[in-house]
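The values are calculated or read from the model by the stated rules, or taken from the named source; none is laboratory data. All of these numbers come straight from a predicted model, not from anything done at the bench. No Cβ is skipped: glycine too gets one built from the backbone with ideal geometry, and neighbour counts run over all protein chains shown. In case anyone asks, the SASA skips ligands and DNA or RNA and just uses the protein heavy atoms, side chains included. Shrake-Rupley method; radii C 1.70, N 1.55, O 1.52, S 1.80 Å.
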Amino acid sequence: MKINEAKIEEVLRLLDTSFNGLEEEEAQRRLSYFGYNEIKEIKKVSLIFKFFTQLTHFLAIILWIAAALAFISNYLNPHEGMLNLGFAIIGVIFINAIFAFIQEYKAERAIEKLKEMLPFYVKVIRNGKEKQIYARELVPGDLIILSEGDRVPADSRIIQSYSLTVNNASLTGESLPITLTQEPQSGELMESKNLAFAGATVVAGHGKAIVFATGMATEFGRIAHLTSAIHIEKTPLQKEIAQTSKVIALIAFLIGLIFFIIGIFIGRAFWENFIFAIGVMVALVPEGMLPTVTLSLAIASQRMVKRKALVKTLTSVEALGAVTVICTDKTGTITQNKMEVKKLWTLDNHPQTIKRLLEIAYLCNNAIFLENQYKGDPTEIALLKYAKEKLGDFQSQRISEIPFDYERKRMTTINLINHQKLSLTKGATEVILSLCNFILLNEQKIPLDDELKGKIIEAYHSLMDEGLRVLGFAYSENEPEKEMIFVGLIGLKDPPRPEVFEAIKKCQRAGIKIILITGDATKTALAISKEIGLVKENPVIIEGEEFHKMSDRELKEKLSYKEILFTRMTPKDKLRIVTVLQERGERVAVTGDGVNDAPALKKADIGIAMGSGTEVAKEASKMILLDDNFATIITAIEEGRTIYENIRKFISYFFTSNIAELIPYIGYAIFKIPLPLTLMQILAIDLGSDILPGLALGMEKPTKEVMNQPPRTPQEHLLNLKLLGRVFFLLGPLETLAGLFGFFYVLKSGGWEWNKSLSPFHPLYLQATTACLTGIVITQVGNALACRSFKESLLTMGIFSNKFLLIGIFFQIYFQLFIVYHPVGNYIFCTYPLPFRVWLILIPFPIFLIISEELRKKLFKI
């Protein structure tokens, strides 16, 4: 007999279980037999192959070619130092590959940790008690509880359904919801309406089911090759940097080729020209940039987790900084999600009327009190808690239920109270009133005329003006939701989070527009919006009914206003708002926690799910708020902006030394001076002294200016004219001046004269190139401090506030001392010890660079 054809009693017998669920010992025994409820992943790409790809990307191929040319030149013309250069370039390739590989591996590990931080829980009944366990620990025979927003964890047979409705799109591709039943069904399993399959989502109602297949034995397991694991794509930022690197590499190659040709025309020897061409290419190729970007993004992600914002992809880190609009709901995000009953209202204040009002609040409610703890929706918890305190334990048999629905805006249960069958309803006040023909007044059911309705509406508006969320309550003695008797109103309040007011002010300073989208009534939404400073004057308010009649053109026009509130909205309405905002060119972040929020979360540039939200919402989102706090969104945007700024900072830092490395080669080619900087010394800068300070700049914390400027436009690039102008016309020339000043100072001090040739092994020449290298490195110390902010003064930031940069600078100086004074450093980098006076004449250059940059910050800001 198929599982779908069996009656409930037969299902329990077939799976050897009961309405009390499995015993814990039996569940553990079955777990060891059937294994974990997991879909096995296909074999991952091997670590060796991943490392190999780091050796074969575009930049690496160019460097491989350069190394090959160096070996060829050494073979044809030995004793020119090209052998060491070849090995050094290969060292560059492997250092880059190892670094990038480590970062990629760390990123994968971070994703594994992320999956551990977001375990998939499921509610089960074991030993007759409800409990939460990891979905991976489910076994055949487990009795599970399914509610709206849950993801079905395993193939299960329904044994109880209260309008339990699922979406099987992940399995069948069909997005139409299916209402399930507990009754036996005939036919194929996939067509059966009493089975819930792993991977499906519960879109409405609730119920119970018995698991009959787990892991690879499920229908999902049979057709799936991978779990729905988080996938990391290359971000647009990474693509832009990769593209920039390619352009720079090609430019370097072309410049080297051009000067090689010029050198031939002016009569320079072939090998001199060849050395020059290789030098230009090595000088301009940004060897350390890509791994630095990767590390910076990873650090930003880790910092966000500490601040309760869990990003699922690195794309989210980058996109957050460009957000222009945040669409947020109210409950639990702006407010504390600690709903409390504040006021009860009945027309007569009669004790029996109030008792009936509390009875409806108690019974028309899916919250539960279990193990001394309330569980369920915050609003329902508040109602149950209040009613329980006033009435005590109240026993009643629930016969059936019509679940809450965002379209209907109400919930109904049919209960037996004192042997009388009553239909109890709660929901939006205007909806409840429209269903009522009578009102309970002094224990009498009297007709509800317009005058009485007017009094109810007046009370309703009065409660909303206090910022309360107001629900109406009614009951029927006949058919559900027919000829209902109005009982009263209950006003609830969820107080705003204390940090939200400051977060909204910060948002407004940052040029980010906040749009509130709530299911609450207009007056409630307006009161809370004014309380938290979201609106100041007379905002545009669009209610659900008006919204549905609007054309997209009209909506687009309304969305241009500065202050706008959407009230009496359903989660499905968010999708349209997000779509129209994106059509206006906005980059949108949207919050959500329910099943119906998922389309909007997916559509948004940044979908933000609540940590307490449904599994469906978390899967659709790009970021998860672990504390459900609106203020955390703002800190995440701040981090997103910071990472973009930090990348620009270390690009500026790297490019400055590239200019200082390139100009001496141009001087060598045009003016026939001795080569001021050797290729090995260039590599000492690019992959030695520059790396740690560059990484430290990528770890800079947010500066004051980050959230005091509007979001960047899509047209804004990392390399803009202002940044390049700063590098090419201020920082680069100053650093070049330091290096060449040291070079010519040593030459002149040693008696060198213009046009006089020097052997590459002559002590004077070695000491002069060492001075040039030292001048660049020392000035890079000042440049690292200057690059910490494009606008904020170093004195304001504090010189010692980035401890990682201080460590990087210490390494930079220590490494330079090793190169200058240690015999091994002298041999590898062709250097010669410098007298102390050379250091003294070079030290003013970094100070002058810092002063120049401080003056620029005062006069011109980028």
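For the reader, a short list of remarks on this structure follows.
- Hey, PHE501 surrounded by fewer than 19 Cβ atoms within 10 Å (Cβ to Cβ) and among the aromatic types (Phe, Trp, Tyr) or not: yes
- Only one entry in LYS453, LYS482 is assigned to a helix (DSSP H, G or I) and open to solvent by 20 Å² or more (accessible area, probe 1.4 Å), namely LYS453.
- Condition met for LYS355 (touching a Gly at 6+ places or on another chain (Cβ under 6 Å), farther than 30 Å from THR632 by Cβ, basic (Lys, Arg) and surrounded by fewer than 21 Cβ atoms within 10 Å (Cβ to Cβ)): no
- Some residue of the stretch 496-515 being outside any helix (DSSP H, G or I) and free of Cβ contacts under 8 Å to residues at least 60 places away in the same chain: yes
A quick yes/no check of all residues on (1) within 23 Å of THR703 (Cα to Cα); (2) in contact with a helix residue (DSSP H, G or I) (Cβ under 7 Å, 6 or more places away or on another chain); (3) hydroxyl-bearing (Ser, Thr, Tyr); (4) open to solvent by 10 Å² or more (accessible area, probe 1.4 Å):
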position: PRO599; (1), (2), (3), (4): no, yes, no, yes
position: ALA609; (1), (2), (3), (4): no, yes, no, no
position: ILE624; (1), (2), (3), (4): no, yes, no, no
position: PHE630; (1), (2), (3), (4): yes, yes, no, no
position: ARG641; (1), (2), (3), (4): yes, yes, no, yes
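- In the stretch 790-831, counting only helices (runs of 4 or more DSSP H) that sit wholly within it, the ones holding 3 or more residues that are within 24 Å of GLU853 (Cα to Cα) and open to solvent by 70 Å² or more (accessible area, probe 1.4 Å) span 803-821.
- Of all residue pairs spaced 6 or more apart or on separate chains, none has beta-carbon atoms under 6 Å together with a first member in the stretch 539-553 that is closer than 19 Å to ASP520 by Cα and a second member that is surrounded by fewer than 11 Cβ atoms within 10 Å (Cβ to Cβ) and at pLDDT 95 or above.
- Test for SER170: is it touching a Phe, Trp or Tyr at 6+ places or on another chain (Cβ under 9 Å), open to solvent by 50 Å² or more (accessible area, probe 1.4 Å), more than 30 Å from LEU718 (Cα to Cα) and modelled with pLDDT under 70: yes
- Restricting attention to the stretch 538-565, the residues being among the charged types (D, E, K, R), closer than 23 Å to LEU468 by Cβ and open to solvent by 100 Å² or more (accessible area, probe 1.4 Å) number 1.
- Single condition ALA217 does not satisfy, out of (1) modelled with pLDDT under 85; (2) open to solvent by 30 Å² or more (accessible area, probe 1.4 Å): (1)
- Residue identified as under 28 Å from ILE402 (Cα atoms), buried (at least 22 other Cβ atoms within 10 Å of the Cβ) and at pLDDT 90 or above among ALA459, ALA474: ALA474
- When residues of the stretch 380-416 are limited to those that are open to solvent by less than 10 Å² (accessible area, probe 1.4 Å) and in a strand (DSSP E or B), the one farthest from LYS343 (Cα to Cα): ASN415
- In the set (1) surrounded by fewer than 20 Cβ atoms within 10 Å (Cβ to Cβ); (2) at pLDDT below 90; (3) farther than 26 Å from ALA636 by Cβ, the condition left unmet by THR524 is number (1).
- Test result for TYR832, more than 45 Å from the chain's Cα centre (by Cα), of a type outside the set (D, E, K, R) and on the phi < 0 side of the Ramachandran plot: yes
- Candidate set: the stretch 717-736, residues that are open to solvent by 40 Å² or more (accessible area, probe 1.4 Å) and out of contact with any helix residue (DSSP H, G or I) (no Cβ under 9 Å at 6 or more places or on another chain); chosen: the one farthest from GLN508 (Cα to Cα): PHE729
- Residue list for the stretch 363-376, restricted to those being closer than 18 Å to LEU424 by Cα and not small (Gly, Ala, Ser): LEU363, CYS364, ASN365, ASN366, ILE368
- As for the stretch 414-422, it holds at least one residue that is at positive phi and at pLDDT below 90.
- Residue satisfying condition, being open to solvent by 10 Å² or more (accessible area, probe 1.4 Å), part of a helix (DSSP H, G or I) and not hydrophobic (A, V, I, L, M, F, W, C), within set GLU705, GLU661: GLU705
- The stretch 835-862, subset of a type in the set (Lys, Arg) and in a helix (DSSP H, G or I), residue farthest from the chain's Cα centre (by Cα): ARG837
- Set side by side, the residues GLN132, GLN160, GLN185 differ, and just one is open to solvent by 50 Å² or more (accessible area, probe 1.4 Å), assigned to a loop (DSSP other than H, G, I, E, B) and in contact with a Lys or Arg (Cβ under 9 Å, 6 or more places away or on another chain), which is GLN185.
- Of all residues in the stretch 70-83, those that are at pLDDT below 75, at negative phi and surrounded by fewer than 20 Cβ atoms within 10 Å (Cβ to Cβ) total 3.
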